[in-house]
Amino acid sequence: FLFLGFWAIFALSNVMQFQPIRWDNSKLQLWVYLGLSGVTAWAIGEIYFKLRSSSRPKLANVIVVSLIALLTATGATEVLNLLNLDRHRYQLISKEEWNLGDRVRLATDPLARFVTDTSHQHPIMLRGLRPILLGYTAWAFNYGFLYQNTERDIKAIFAGGSTAVELLKKHNISYIYVGPGERRNYSPNMAFFQASFPVAFQTSSITIFDVRQAL
């Protein structure tokens, strides 16, 4: 009955969408994979012992070894493919962002909140281990959060001016992060930030403003 349950999950996740993003059905398929791996191991064991009991131990060994090789060949091929670094150059964060994240983690309060781009791989969240005002919006949507107002507030903050100051107070912000993603997506008002807030951290392409005292 346990294994029938896994088959039921397999069938349902192929015809029903359980979360707003269709890809998330693969999370259910992972449980199916784990459950049916047990069924497969049991089946191979049954084949092996039945062949051995019929006085054909060599055939049992050949069949079982062949089945295991076939069942693991796809996974082995995928691992070898991932080890081919010349084909896979996806970068989560740069060395500059990595080092800055270390500095932020060591020099700021663990609960200090940052205004940043809504990237799923932002270095403040990924390496700095600090809370950000709004993360990846697709994830926020998937979990049912009404993030649209906060997203508008982030745009207004990067635009600068008195409205930005009020929103920084409203969201209890400690730092404003301006990096390549923020410049690309929000066109931040650097003149306003430089005139209003001291610089806490700076690299060749990133500036982090400390807004605590000004607020």
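The values are calculated or read from the model by the stated rules, or taken from the named source; none is laboratory data. Note that the structure is predicted; figures quoted are calculated from it, not measured. Glycine also receives a Cβ, built like all others from the backbone with ideal geometry; neighbour counts cover every protein chain displayed. Ligands, DNA and RNA are stripped out before the accessible areas are found, and what is left, the full protein with its side chains, is counted by its heavy atoms. Shrake-Rupley method; radii C 1.70, N 1.55, O 1.52, S 1.80 Å.
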Percent antiparallel among DSSP beta bridges confined to the chain, nearest 5, equals 70 percent
A43 to T163: extension gain in nm, 0.36 nm per residue of separation minus the Cα-Cα distance?
-> 36.6 nm
Given 186-196, 110-120, the highest-first ranking by average Cβ count within 10 Å works out to 110-120, 186-196
When the Debye formula is applied to the Cα atoms of the chain, each taken as the same point scatterer, what base-10 log of I(q)/I(0) results at q = 0.18 Å⁻¹?
-> -1.22
Between the range 1-45 and the range 91-154, what is the C-alpha centre distance in whole Å?
-> 33 Å
Net lengthening on full extension, R183/W7 (0.36 nm per residue, minus Cα-Cα) | 58.5 nm
So what is the 222 nm mean residue ellipticity for the chain from helices alone, if each DSSP H run of at least 4 adds -39500 (n - 2.57) and you divide by all residues, rounding to the nearest 500 deg cm²/dmol?
-> -18500 deg cm²/dmol
Charge dipole magnitude, Cβ of K and R +1, D and E -1 - the chain, Cα centre, debye nearest 20 | 460 debye
Treating the Cα atoms of the range 1-111 as identical point scatterers in vacuum, please give the log10 of the normalised Debye intensity I(q)/I(0) at q = 0.13, 0.19, 0.22 Å⁻¹, two decimals.
-> -0.84, -1.05, -1.13
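Ratio of Rg to Rh for the range 70-150, alpha carbon only, Kirkwood?
Ratio of gyration radius to Kirkwood radius: 1.15.
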Extension reserve of the L59-K27 stretch, reckoned as 0.36 nm per residue once the Cα distance is removed | 7.7 nm
Could you give the accessible area per residue of the range 40-149, probe 1.4 Å, as a whole number in Å²?
-> 70 Å²
Reachable lysines from K155, Cα under 29 Å, same-chain residues fewer than 8 places away excluded?
-> K95, K169, K170
The range 116-205: equivalent-ellipsoid semi-axes (sqrt of 5 x gyration tensor eigenvalues, Cα, Å) = 21, 16, 12
Choice from E96, E46, E151 showing the highest fluctuation, given a GNM over the chain with Cα pairs closer than 10 Å | E46
Would you mind telling me the share, in percent, of accessible area of the range 85-189 contributed by carbon and sulfur at probe 1.4 angstrom?
-> 52 percent
